[in-house]
Amino acid sequence: MKNTIGKLSLICLTLPAAANLHAASRESTALEEVVVTAERRSQSIQDIPASISAFDENAIRDGGIVDVSAVAPKVPGFYAGGFGTSRPQLYIRGIGTRQFDPGSESSIGVFVDDAYLGRTGGVLGTLKDVQRIEVLKGPQGTLYGRNVIGGVINVVTKGPTDEFEAEVEAGIGNYNSKNLFGAVSGPLDEEGKIKGRAALWHSYREGYMTNLNSGEHPQGLDNTGGRLRLDFTPTDRLRIGLIGEFAEDSGDSFQGESIGSTTNPDGTLLGTGSPTKSGNKFKQFYNTDTDYNREINAFNAKIEYDFDAGTLVSISTFRDMTYVDDRDFDNTDLDVMRQISDEDSEQLTQEIRFVSNPDSSLSFDGKVDWIVGFYYFQDESVHTDTFLYGEDAVIYDPSIDQVDVTGGDFDTTSTAYFGQATINLSENLDMTLGLRYTKDQKESVMFGTTTDASPLVSADFNVVNPESEFTSTDPKIVFNYRLGEDASVFASYSQGFKSGGYQYTPLTASQASIVFDPEELEAYEVGFKSQWLGRSLTFNGSVYQFDYTDIQVSRVVELADGSTPSLIDNAGESRIRGLELDLLYRPLASLTLSFAYAYTDAKYLSYVASEGVDYSDTRMVRAPEHSFNIGAEYYTPIGNGMDLILRADYAYNDEFFHEPGEADAKYGSTAPFTKEDAYGLASLRATVTNDEWRFSLWANNVLDEEYRSTILALPGQVINIYGLPRTFGASVSWTY
């Protein structure tokens with residue numbers, strides 16, 4: 001087993017952008033080494049027997065990765081959509097969720113500097129001053145814990161440097177986009193025991209949707225943020241790292257195109273009359289303009305102390321998030337309903353882990369690498385949705401202000417104990433054993449009020465749900481066999497767990513008291529990693545099967561009493577099988593080519609929904625059967641100390657479904673609109689750079705492909721939320 005960073009020159013599992021493809025001088029066809037901390041210690045990515053993709057700072061910048069969702073097109077099998085930054089939908093290998101309220105949690109864990117982002121509404125934000133992004137596929141319960149049943153997005157920000165550095169970047173683009181960024185870093189004392197780094201940024205892009213009634217532009221971006229890092233090294237054994245950051249988002253909320261249903265193209269939920277149609281997907285008539293504001297503040301303290309036997313690590317975090325989202329619910333020029341979502345959450349985490357020193361006696365002369373730890377998580381959140389009715393609502397009464405309110409006050413406490421050891425059974429064979437025990441304790445008070453006893457909340461209610469407890473013991477076992485210096489095969493078995501929870505926007509006391517069960521997953525995977533031709537070619541692959549039970553599926557449904565709540569069902573049993581292949585080749589020192597492919601067969605084996613509809617033997621949502629990306633990068637000196645870098649990428653998703661039922665009309669009049677046709681996204685970038693300056697021209701979605709990032713399927717109405725059209729621009733940066 002290899003405990004330290006290997007000497008391999010390698011690349012990430014899934015795509016070319018993960019490598020440092022353009023060093024200042026490239027004289028060899030050997031691919032650069034990629035080092036990750038996915039296993040909570042620094043390792044070469046080829047040494048880790050798991051499916052991992054990684055993106056270094058060059059790949060993040062040159063790949064146009066501005067937030068977590070921008071990673072998805074570059075990783076086959078990874079889907080990211082949603083209703084703006086507060087309502088993301090992340091799926092890896094068919095596993096994910098579209099729920100975002102505090103009563104439920106994501107199936108994909110997002111971590112920033114070892115801190116778990118517990119609130120789904122806060123996982124998407126502008127990624128600036130980032131050193132690396134890692135994507136881990138499959139359940140990661142042993143080292144990462146709860147609610148990572150589908151995978152992990154691990155973000156590592158840039159730390160302070162040993163010498164003074166400064167960086168400034170400015171960019172412009174279509175949709176009136178503007179980007180500014182600046183950072184300084186270096187020692188703060190003569191001995192270099194105190195170092196700091198400060199970064200500030202502002203990103204703006206006008207929305208690509210247009211309200212033809214007002215001229216406003218929803219679906220935009222307006223983000224300001226900053227991060228301050230301080231590193232202290234009082235002694236050779238003690239290291240202290242402090243991080244404080246803030247982010248503010250404002251502007252218009254998400255809006256889309258209402259297309260009704262097959263039986264009534266003008267249909268709007270709880271509305272009367274016919275809306276005005278524009279004939280242009282990106283230009284619509286809305287009754288009101290939207291408004292969105294989000295604030296996030298986070299603090300992180302990491303303390304490390306080196307003992308002879310290993311390193312004791314303490315990570316303490318606090319995170320506060322508030323947002324208000326005010327929008328035209330029906331997405332038409334009819335005055336039917338406004339929805340105002342308001343959330344306030346505070347999160348505290350504490351992790352203590354001990355990572356072995358391979359040279360200590362407790363590691364048996366380097367034969368065992370091990371890690372043990374304890375984890376504590378607490379989240380207190382309040383979420384409220386207010387529905388305001390207008391004159392085109394079916395229950396309009398001009399004599400009163402008609403308002404329905406529903407929401408909840410949530411308290412979650414989670415504790416966990418974990419350990420993992422990698423044992424060198426022979427010169428070429430390693431075995432990894434892991435185990436984590438998790439206990440979640442949740443409480444909620446669900447409430448609703450109404451002014452007219454219809455149409456959503458029929459009567460005031462206040463339901464105090466008794467404490468719910470969810471526990472899980474998740475094992476992991478991996479065998480890794482090295483066939484030679486540049487090739488290995490592995491086989492793994494692991495279990496994943498996602499906590500149970502409470503309903504979103506309950507409309508009655510009985511719905512408010514429904515507690516859905518945890519998800520459980522058993523994962524089997526066999527794979528290989530290899531390098532060839534003097535390490536100029538990397539070829540990796542894997543096959544896997546997930547046995548998935550009690551999947552939490554969220555849908556807006558119409559019940560027998562006429563109410564239309566958003567309910568989460570536990571969807572019986574499912575099976576997911578897949579194949580993934582990743583190829584990176586540098587035939588010339590100046591040229592790098594890549595291809596990555598994912599086949600996903602995801603099916604509900606047994607799923608009868610709350611309203612009695614049977615979705616058994618249909619494909620799972622947001623799981624395209626085929627997806628791939630291809631890329632090419634050409635690098636050449638052009639004289640006067642300057643280099644030219646040209647790159648092109650294309651990502652393809654096969655058809656998939658936003659809702660259960662495979663778009664079969666037998667599941668309702670909106671079902672045929674829930675299928676997403678296959679689409680591909682192309683991007684181009686040209687960069688001229690030297691030791692200090694960098695100038696880039698770029699274009700994303702070059703072919704101006706029209707696709708939906710998600711849909712809102714309501715009874716009798718579908719609302720399409722479209723992905724970003726073609727964007728292009730230029731940027732210039734200076735580094736000292």
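As an exercise: evaluate THR332 against (1) among the hydroxyl-bearing types (Ser, Thr, Tyr); (2) assigned to a strand (DSSP E or B); (3) within 30 Å of LYS283 (Cα to Cα) and give the number of the one condition it does not meet.
(2)
Mind telling me which of the residues PRO139, PRO73 ends up being more than 22 Å from THR290 (Cα to Cα), part of a loop (DSSP other than H, G, I, E, B) and either touching a residue at least 60 places away in the same chain (Cβ under 8 Å) or over 11 Å from the mean Cα position of the chain (by Cα) (or both)? I'd like the intermediate steps shown before the answer.
On the way: PRO73 fails: part of a loop (DSSP other than H, G, I, E, B).
Sole residue among the options that is more than 22 Å from THR290 (Cα to Cα), part of a loop (DSSP other than H, G, I, E, B) and either touching a residue at least 60 places away in the same chain (Cβ under 8 Å) or over 11 Å from the mean Cα position of the chain (by Cα) (or both): PRO139.
Which of the residues belonging to the stretch 451-468 are outside any loop (DSSP other than H, G, I, E, B) and closer than 30 Å to PRO398 by Cα? Walk me through how you get there before you give the answer.
Step one: list which residues in the stretch 451-468 are outside any loop (DSSP other than H, G, I, E, B), which gives 461-468.
PHE461, ASN462, listed by residue number.
For GLY192, indicate whether it is closer than 20 Å to TRP698 by Cα and not acidic (Asp, Glu).
Values: closer than 20 Å to TRP698 by Cα: no; not acidic (Asp, Glu): yes.
No, not satisfied.
Only residues in the stretch 167-183 that are closer than 23 Å to GLN131 by Cα count as the first member; pair them with residues that are part of a strand (DSSP E or B) and β-branched (Val, Ile, Thr), Cβ under 7 angstrom, at least 6 apart or cross-chain, and list the lot.
That search, which allows pairs on different chains as well, returns GLU167/THR735; ALA170/VAL732; LYS178/ILE172; GLY182/VAL168.
From the list ASP379, ASP409, ASP365, ASP385, exactly one residue is more than 28 Å from the chain's Cα centre (by Cα) and of a type in the set (D, E, K, R). Which is it? Break it down into steps so the answer makes sense when it comes.
On the way: ASP379 fails: more than 28 Å from the chain's Cα centre (by Cα); ASP409 fails: more than 28 Å from the chain's Cα centre (by Cα); ASP385 fails: more than 28 Å from the chain's Cα centre (by Cα).
Answer to the check: ASP365.
Output the strands (runs of 3 or more DSSP E) that fall wholly within the stretch 645-736 and possess 3 or more residues being farther than 30 Å from ASP617 by Cβ, or say none. Write out each step before concluding.
Values: elements: 679-689, 693-700, 708-714, 717-722, 727-735.
It comes to 679-689, 693-700, 727-735.
If I ask for residues that are surrounded by fewer than 18 Cβ atoms within 10 Å (Cβ to Cβ) and farther than 23 Å from GLU692 by Cα, which ones from the stretch 167-198 would you list?
ASN174, ASN176, SER177, LEU188, ASP189, GLU190, GLU191, GLY192, LYS193, ILE194
Considering every residue within the stretch 450-458, establish whether at least one is aliphatic (A, V, I, L, M) and surrounded by fewer than 19 Cβ atoms within 10 Å (Cβ to Cβ). Steps first, answer last, please.
Within the stretch 450-458, the subset aliphatic (A, V, I, L, M) is 453, 456-457.
So of that shortlist, the ones also surrounded by fewer than 19 Cβ atoms within 10 Å (Cβ to Cβ) come out as 453.
Looking through the stretch 450-458, at least one residue is aliphatic (A, V, I, L, M) and surrounded by fewer than 19 Cβ atoms within 10 Å (Cβ to Cβ).
Can you name every residue in the stretch 470-486 that is in contact with a Lys or Arg (Cβ under 7 Å, 6 or more places away or on another chain) and assigned to a strand (DSSP E or B)? I'd like the intermediate steps shown before the answer.
Step one: filter the stretch 470-486 for residues in contact with a Lys or Arg (Cβ under 7 Å, 6 or more places away or on another chain), giving 471, 474, 486.
Answer for the stretch 470-486, where residues must be in contact with a Lys or Arg (Cβ under 7 Å, 6 or more places away or on another chain) and assigned to a strand (DSSP E or B): THR471, ASP474.
List every residue pair whose Cβ atoms sit under 8 Å apart, with the two residues 6 or more apart in sequence or on different chains, where the first one lies in the stretch 598-613 and is in contact (Cβ under 8 Å) with a residue 60 or more places away in the chain and under 27 Å from TYR544 (Cβ atoms) and the second, anywhere, is aromatic (Phe, Trp, Tyr) and outside any loop (DSSP other than H, G, I, E, B).
Pairs that qualify, where the first residue is in contact (Cβ under 8 Å) with a residue 60 or more places away in the chain and under 27 Å from TYR544 (Cβ atoms) and the partner is aromatic (Phe, Trp, Tyr) and outside any loop (DSSP other than H, G, I, E, B), are ALA598/PHE628.
Just need a number here: residues in the stretch 356-392 that are among the aliphatic types (A, V, I, L, M), buried (at least 20 other Cβ atoms within 10 Å of the Cβ) and modelled with pLDDT under 95.
First pass over the stretch 356-392, keeping only residues among the aliphatic types (A, V, I, L, M): 362, 368, 371-372, 382, 388.
Next, from what is left, pick out any that are buried (at least 20 other Cβ atoms within 10 Å of the Cβ): 371.
Adding the requirement that they be modelled with pLDDT under 95 leaves none.
Residues that pass the stated criteria total 0.
Within the stretch 658-667, restricting attention to residues that are surrounded by 21 or more Cβ atoms within 10 Å (Cβ to Cβ) and not acidic (Asp, Glu), which residue is farthest from the chain's Cα centre (by Cα)?
Among those residues, the one meeting the criterion is GLY661.
From the residues in the stretch 503-541 that are in a strand (DSSP E or B) and under 22 Å from the mean Cα position of the chain (by Cα), which one is surrounded by the fewest Cβ atoms within 10 Å (Cβ to Cβ)?
Just the residues of the stretch 503-541 that are in a strand (DSSP E or B), to begin with: 504, 515-516, 519-532, 537-541.
Going one step further and asking which of them are under 22 Å from the mean Cα position of the chain (by Cα), we end up with 504, 519-523.
Numbers: TYR504: 23, GLU519: 25, GLU520: 18, LEU521: 25, GLU522: 14, ALA523: 23.
Here the answer is GLU522.
Which members of the stretch 244-284 meet the condition of being farther than 30 Å from ASP320 by Cα, outside any strand (DSSP E or B) and in contact with a strand residue (DSSP E or B) (Cβ under 7 Å, 6 or more places away or on another chain)? Don't jump to the end; show me each part of the working.
Of the residues in the stretch 244-284, the ones farther than 30 Å from ASP320 by Cα are 257-284.
If we keep only those that are outside any strand (DSSP E or B) too, we end up with 261-270, 272-279, 281-282.
Within the stretch 244-284, SER261, PRO265, ASP266, GLY267, THR268, LEU269, LEU270, PRO275, SER278, LYS281, PHE282 qualify.
Can you name the number of the only condition in (1) more than 27 Å from ALA602 (Cα to Cα); (2) of a type outside the set (A, V, I, L, M, F, W, C); (3) outside any loop (DSSP other than H, G, I, E, B); (4) modelled with pLDDT of 85 or more that ARG61 fails?
Here ARG61 clears every test but (4).
Any residue in the stretch 465-494 that is among the aliphatic types (A, V, I, L, M) sitting within a Cβ distance under 7 Å of a residue that is loosely packed, with under 13 Cβ neighbours inside 10 Å? List the pairs, counting only those 6 or more apart or interchain.
Final answer for the pair search is VAL489/LEU483.
Only one of (1) modelled with pLDDT of 90 or more; (2) among the β-branched types (Val, Ile, Thr); (3) buried (at least 24 other Cβ atoms within 10 Å of the Cβ) fails for ILE11. Which number is that?
Answer for ILE11: the failing condition is (1).
How many residues does the stretch 700-711 contain that are hydrophobic (A, V, I, L, M, F, W, C) and either farther than 14 Å from THR727 by Cβ or surrounded by 19 or more Cβ atoms within 10 Å (Cβ to Cβ) (or both)?
Kept after step one, since they are hydrophobic (A, V, I, L, M, F, W, C), are these residues of the stretch 700-711: 702-703, 711.
Add one more test, that the residue is either farther than 14 Å from THR727 by Cβ or surrounded by 19 or more Cβ atoms within 10 Å (Cβ to Cβ) (or both), and what stays is 711.
Going through the stretch 700-711 one residue at a time, the tally reaches 1.
The values are calculated or read from the model by the stated rules, or taken from the named source; none is laboratory data. Source: prediction; values computed, not measured. Cβ: placed from backbone, ideal geometry, glycine included. Neighbour counts: every protein chain shown.
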